[in-house]
Structures are given as C-alpha cells and as structure tokens.
Ligand SMILES: [Zn+2]
C-alpha cells in the first residue's frame, strides 16, 4: 500500500516537472493542494522526502519562462511552494540549486502593481530567505529595495501584501550581510519611521502583527554593531521607549512590548563596570612566586562584541543541562580505573598518624576518669573533661527523616513538626538539664579567649567590636522587648558608652538560640585573620538567629516583572533627569563614599563573609550594588552579604546587584534572598527571613573586557534585582544571598558541641588539620562512640570501625553546605539511637570547612590563591592549597594502613537546581552514557555506590534520586569526589549538592529552604 502511494506521488511529481499540458499541471497542483491542506505536517514532510520541493521549483522556473505569464498555474504553485518551503529545512539550498532566486525576484518585480500576485511571490521570497546564504543572494540582487517599495506607511489597503513584505524583509535581515546593506542604504531610519507611523495610527490595535513585524526587522538589524550604532544615532532608544509606554497597560500587546524590550536591552550602550578595576579589592601575596602575574586588563573599548545574537531564552527551561555534557565524559578506561598513586614522598604520610589518635589511644583511664571532671588545663587534650551536658535527643529534634514522605507541611501555618522540636529546645534552655551554667560559661569564655589570644600574632592583635548600633536612646526604647527595661534606663542617658551597650546586650541576650553563644562567637572572631583586618562583627552572626516559625513558599513570579525592570533601567538613559548617581559606599576609596547623605541608605560590609564593594544611589529609592571579586581574582561574583541602615518605612527600595556572572539563577524560579533585622532581633525575633519581591535576574549592559574576562564566557554581567520593604524605620538590616555561616560561627559551634556532648558515650576529638594560607586554623574532627568497656574485644572493635570521611564548604559562597554540616555534627553527637548506632559502627573524620580563608574574606568560590580548591585534588600544592594537600594526605595515610574510608562525601550547595542530590562515580554508567561499548567481562563494578543514595531517597524528603548522577566528567577529574574515588579506591565517593532555593518534590515541595532547625 505504502509502495503504491509512494509510486503514485512520484509519478505526480515527475509529471509535474515534465508535462507541458496546462490541464495536467493544474490537476496535479490541485491534487497536491488537497493532499497538503488535509492532514498533518507529517504529510508535508513525506512530500518533501519524495522530492516535492525540487519538483515544484522546477515547475515554477518552467512556468515563469512561458510568456505570457499564466497566473492560473503560478498562484497555486506559489502557494504550494510557500507551504512546503516553510517545512523544508533545506529549502533555501534547493532554491539555489534550481537557480530559482532570480525567477522569484523577477516574478515579484513584474507583479508590483498586482497585489494578489505580489503577495504570493512574497510568501515564497520569505521562505527562501530563511536560509542565510539564499537570503544574502536575494539581498545582493535587490530584494530589500523591492520590499521597501511595497511596505507603506499606515494604510488599510493591501494589508496582506504589506504584511508579507515585512515578514520577508525580517527573514532577509537575519543575514548579517543584508543587515549591513540595509543600514548603509538608510533603511534602519526608514523602519523606525514606519514603526512610529503604524504605532501612532493603529489606535485600535488591529495591526499588531504589522507593528511586530517591523520590530523584528529592527531586532535583526541591531544584531550587528553597525546596526546598534545607527539605531542609537537615529534616536531608536527614545522612539521605542516612548512608544512602548502606551502599550504597557494592554496585555494583548505583549508581543510588541517583549520585542521592544529585547531591542532596547541589546542596544543599550555597553559600559565597563563603574569600578577602577574588576580585580578584587583584596589581594594576598602568595608564598614562593608560584603564580604568574594577574592578567592585565584589556584596553577600553572592547566591550562590544559584534554579531552578538542572543536568542531570548524563555524561562521555562530551568534545568539547562546541555547535551554537551556527554562530550565531557571520561571514556578512557585506564583513566577511569582505580589507581593507587601517590602525589608525594611516602615518608610524608607519617605525620598523619597523629591525626588518628583513636587508633593508638590507650583507654587506661576509662573507668576512673569517667566519674569525675578533669582539670581544666588539659581539657582539650582529654576525652572526658567537659561538663557532662547531654545534647538533646535528636529523634524529637530531627523530625523530617522520621516523617512519612506523603505527610504534608502546611504552607503558611506553623509546621506540624514544630511541637516536636520545641520541646527539646525548651529543655535545652533549662539550666539543670543541659545548658552550661553561668560560671561554666564564664570560665569557658575566658579559656576560649585565652586560646584565641595565644593563637594570635601579637602584632595583629585587635579589638573586635560589634557593629555600632544607632546611638539615639529612643531607638532602644522603641525596639527593646519589655524585659529590657533596665537596659533602656541604663543606656538612655546622655553619655552612651559603646562597650556598655555590648555588655548590656549580652546580659539581656536570652540565650535561647540553640548551639549559639555570642560570647563564644566574639572569642572566636577575635582569632580570625582576615585580609582587611576586620574590626567589626555583623550583628546576626554575633547575636545568633532562630528559624522562622514556618517555611515560606517559593515566590510566585509576577507577570512581566523582568520587562518592567529592564524598561526602568532604560529610563536612566532616556530620562537622566532623576538619576542621582552618587557613590554612597566604596570599599576601594572610603573617602569617595558619602554616608549619611540625607535620605540615603548607609552600607557596610567589612565583616566576616561580607563582600559589598560599592553602592551607588541611582534614584531616590534605588541602588546599584557591586560585589567584590574573590581575593586575587577578578571574577566569581555570586555570594553577597552586607549591612544597610537608615531606611524609611513602607518604601520599596530597589536594589540591583549588577556584577553577577552566572547565566541564570534560582532567583528567576521562586528563590528570595534573606534579610535580618536588628530591631526585630532585639524584640525577640532574631531571624533570617526570606525577603524581597519583584525579584529577577537578567543580562545587563555591563561588560567585562575580554582580557579581564578570560574569554567569552566572562564577558557578560547579569543583574539580580529585588525590591525590599524594610520592617522598621531607621533599622539596621543585613541582606545576604543565603543564610550566612561564618568561620567564627563554625568555630564557636564546635566549642559548644564539644562542651555539650555526652563524654561517656561520644568520643570527640578536635585537632588542627593545618593552617591556611591566611593563617587560620582548619579544624579536623574525629567522632565515634567511646569503647563499650576496657575489655580487649571492645577496644579492638573501637579501633577497627570503618571510617566515614566528610568534608564541607570548599566553596565559600555555599553556606548551605555548612548548615548541612552543622546538622550532621549535631546529629552525630546527639542521643538519638541512630546516631548512637552510627558512632558504634563508624569512625567519622570530618573537615567541616575546607576553605576558611575564602569564607572569612567573603569569597564565593576560591581560596586566597585565587584557585578553586575543588579543582586541586589531583596535585594540590602544599603551600598554596594546604587544606586540600593535608586532607588528601590524611586520606593517603588511611589508605596506607589499609583503612581507606568506606564513604567519602563532600558537601556543596547548588545554585541552579532544586532539592538535594549526590554525584558519585561509576565506570560503567560513564561509558554507557558516552555510548561506548562496555565489555562487562573485563570491567566488573560493585554497584554499592548506589546504595546510599537509594537509602537517602527513601528516608530524606528533600533528597531526589533522579537528580543524582554517577558520571565521571573530564572537567571534574581534579575534584574531591573523583580523586578520592580513583586514587583512594573509595567506591562510595560523593559530592552532595543542596539547593539554595527549595524543593520541587516531596514533603517540602514549593517551599523555600529555611534555616535548618538544628
Ligand atoms: Zn560547590
């Protein structure tokens, strides 16, 4: 049957090409018209595959040669060609082959006065131009001049012809050579005038398609630099910006508004960022001239890139995991096989023995010492010294894992789990149960402070103070909670001593923030070595914070929000009158900033993890913000954390962070930033809350010079914009990319954990893995269960427990990794029976922060050397990457004594995706995915790497198995996951990614990730 059909069609097509008989041809055309007008696109494809385009083109050239022209044949033929040409991707080429471009053009010329015939010709012209080469040929042969004769100012006559001409012109202008030709012939100005005319006269919006067609012509012409320049000179920005204002209220005009917005964005003159240099404000001299000089920045003026043709991507393709990934897969089996190599002399491994005290510990003192507290001096050296406070039982605290997955969380109301978790938290605050008492605390503070002093270089010794709060006594009167009456009275006097405020604040601190103590925080923060030599503490880090009472749903994206923001940006150019342009904060030139200008916000960020570089007041309530680059680098802008004060009440402030670099962001998919209000905190609500509305993220007009941008990708900057209404007038607020977690937070958290574990059950040892480049200590923890008894078999069991090796926060901007690590640690030392079992089964070796310097100095991705530490695992440099070098050394040591870990996991945060998931390593899955044939007889692989993710998928509501991947990419060959898998032979070697945003599945679906509840 199909054969017959095929032969039938082929007979028709070949007859069409060869027959000279008019009736036969008309009949065939009529049959073909019927065939194609019914049915689907598949039918057209079928005709194309049987040579339909060629046959029709042949018939066209033959008919066009016959004088006089026979329009009864030509019209159906042209209609068929337009129809087939639309679907035939090779149509342009076929037109060239059939040498039909001239035929079509001359047909159009001859029919200039006959609109019906002309329209048919234009339809075909349009499909021919969809091929760039054919389009260019048509352009050279005068097609655009012809079309400009047809496109008229506003008129209701011959609308179909005008429309066909505009659409053909738009198709022709996709060719850059045609665009250049059009600009040099002055067509761009003509198009603008035509657009203005149609816009002005089409008051009832009957001809939106004509107006949009003209805009598409402009859009294509402005893909070339000459086009953009001419557009600017022709006042294109003003014309389109002004005209689009009339359209904004009418939803039917979206196609027009969107196209205008795209053109305006593209043509907005490109500028370098308003900073003297894009290199970080902070630089760090590296030991042993190992690194080349930083790349010099390119000269001015190379910010334009010609032919920048952007497909305006719609926001529906959130997970842009490109197919290109496959090319990145490692397909060399030898490289995929585990290899026990060593990147250093074997003798060096001996030093790591000291980091495994659990393997040589003598538990002689076990019985005697567990009964009494040890003396304070050797507290850190002994296991049983800390006061015996127990950590709250985590079964009640850590509810999610124990919930059924189909249980739901009320989106706006309190979490049903809240009751469960409040109980232990309250009990936590009861001194008699588990809170260290005042004297203990004071003693501990003194000790911690001593430790802090001792670890410090005296020359660098500095006084660290809390960021000053407003000195107006009324501020305190209004903000303090009633219990603080005494404080108000004491500080309401004329002379307000700053240190008194802090002392009073500390006295009034309710101390109900689990695992946080402001005093511990200060003590630890004093030890921190930062490049800018921080003098200030950010209030939230010092005071602490609690989770909000309920999870917040993801932000519903407001219709047209991006377009509104972009138009508002363009308004700066068109109506410069209300642009202030005043620098109000400048890290590089403190004298240039004008803080306290009337009606203006004050910014600050010189504190741990802070990274604001510059703030410019654009309009009364709008600020452009620039983040600092990573130390010794000129890029990696994503993380932000800064303080703002002096706000008015109920005014939406617009903030634009204008030097983001990622091409897309979860801020486009419901994520909000986080905000902390000091007034709220002092009123008893110390919380980081998801905040901001009208949030969106888009490419802006700032460009990084090619040299400074290290290639094409770095050339663009993106704007994260959001509006915020602050909760109080004249408040002090903090804004951040994600819940901050500083180095001092971690150190003080470890102090508290150590003091509050149950020493009879929990073996806890905190050592120093190494010192960082910046001179900070990188802690290493060992957690396991104390041996059951002194009996030999118990001690043996203790020593022989397999290792689990966990690391986090190699990327400083991924503070969520630290929150996950915080939860891990609290769970591991808790009384939860599962935690107890885990301790009895495993020895946990944990490096909770692999990049302390990066975290301290507000980096997003790198260390002080300007390197991404998670790309250094293959050959870490002991001087430049000490934390990686020694973490790897410890792993080598464990391998050398036959104790390579059972599981290795590196905690990260993922900025583009939702949920929590793992990346692991599998030879077979990698080869399969790459399309390689896998000889299963040669490669045997234990599938144990899938067990842990499968378990997590069952018990952890935020975890999604489908997002996991076990592929080994070439570009990841120097990551912790791949190197530990390959060199240490750890089958279960993972990167764990946690979203910054929230979950798309399960119990937490559509909720934003909130600050974890311990
Ligand atoms: Zn990461």
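Of the residues examined, residue 226 is not one that is free of Cβ contacts under 8 Å to residues at least 60 places away in the same chain and closer than 25 Å to residue 115 by Cα. Here is the figure for the stretch 225-255: residues that are under 21 Å from residue 179 (Cα atoms) and either part of a helix (DSSP H, G or I) or modelled with pLDDT under 95 (or both) total 13. Answer yes or no: is there a residue in the stretch 601-619 that is free of Cβ contacts under 8 Å to residues at least 60 places away in the same chain, more than 29 Å from the chain's Cα centre (by Cα) and assigned to a loop (DSSP other than H, G, I, E, B). Among the residues of the stretch 601-619, not one is free of Cβ contacts under 8 Å to residues at least 60 places away in the same chain, more than 29 Å from the chain's Cα centre (by Cα) and assigned to a loop (DSSP other than H, G, I, E, B), which makes the answer no. For the stretch 915-937, residues that are away from the ligand (no atom under 16 Å from the Cβ) and either in contact (Cβ under 8 Å) with a residue 40 or more places away in the chain or closer than 30 Å to residue 663 by Cβ (or both) total 11. Of all residues in the stretch 663-678, those satisfying the criterion of being in a helix (DSSP H, G or I) and surrounded by 22 or more Cβ atoms within 10 Å (Cβ to Cβ) are 666, 667, 678.
When residue 191 is tested against the conditions (1) buried (at least 16 other Cβ atoms within 10 Å of the Cβ); (2) closer than 20 Å to residue 150 by Cβ; (3) touching a residue at least 40 places away in the same chain (Cβ under 8 Å), the lone failure is (3). Screening the stretch 319-336 for residues that are assigned to a loop (DSSP other than H, G, I, E, B) and exposed (fewer than 13 other Cβ atoms within 10 Å of the Cβ) and picking the one that is modelled with the highest pLDDT gives 332. When restricted to residues that are within 16 Å of the ligand (Cβ to nearest atom) and either crowded, with 21+ Cβ neighbours inside 10 Å or in a helix (DSSP H, G or I) (or both), the stretch 966-982 contains 8.
For the stretch 941-996, a residue qualifies if it is in contact with a helix residue (DSSP H, G or I) (Cβ under 8 Å, 6 or more places away or on another chain), without any contact (Cβ under 8 Å) to a residue 12 or more places away in the chain and more than 22 Å from residue 929 (Cα to Cα), and exactly one does: 953. Scanning the stretch 870-907 for residues that are within 16 Å of the ligand (Cβ to nearest atom), in a loop (DSSP other than H, G, I, E, B) and either surrounded by fewer than 23 Cβ atoms within 10 Å (Cβ to Cβ) or without any contact (Cβ under 8 Å) to a residue 60 or more places away in the chain (or both) yields a single hit, 881.
Residue under question is residue 546, and the condition is that it be within 24 Å of residue 690 (Cβ to Cβ), surrounded by fewer than 21 Cβ atoms within 10 Å (Cβ to Cβ) and modelled with pLDDT of 90 or more; does it hold? The answer is yes for residue 546.
Restricting attention to the stretch 983-1008, the residues that are crowded, with 24+ Cβ neighbours inside 10 Å and more than 16 Å from the ligand (Cβ to nearest atom) add up to 2.
Among the residues of the stretch 103-119, which ones are within 13 Å of residue 158 (Cβ to Cβ) and either in a helix (DSSP H, G or I) or in contact with a strand residue (DSSP E or B) (Cβ under 6 Å, 6 or more places away or on another chain) (or both)? 115, 116, 117, 118, 119 - these are the residues of the stretch 103-119 that are within 13 Å of residue 158 (Cβ to Cβ) and either in a helix (DSSP H, G or I) or in contact with a strand residue (DSSP E or B) (Cβ under 6 Å, 6 or more places away or on another chain) (or both).
If only residues of the stretch 836-857 that are part of a loop (DSSP other than H, G, I, E, B) and away from the ligand (no atom under 16 Å from the Cβ) are counted, the one that is surrounded by the fewest Cβ atoms within 10 Å (Cβ to Cβ) is 842. Quick check, is residue 833 away from the ligand (no atom under 16 Å from the Cβ) and modelled with pLDDT under 95? So residue 833 does not fit the description; no.
The values are calculated or read from the model by the stated rules, or taken from the named source; none is laboratory data. These numbers were taken from a predicted model, which means no experiment stands behind them. Positions of Cβ are backbone-derived with ideal geometry, glycine not excepted, and every protein chain shown enters the neighbour counts.
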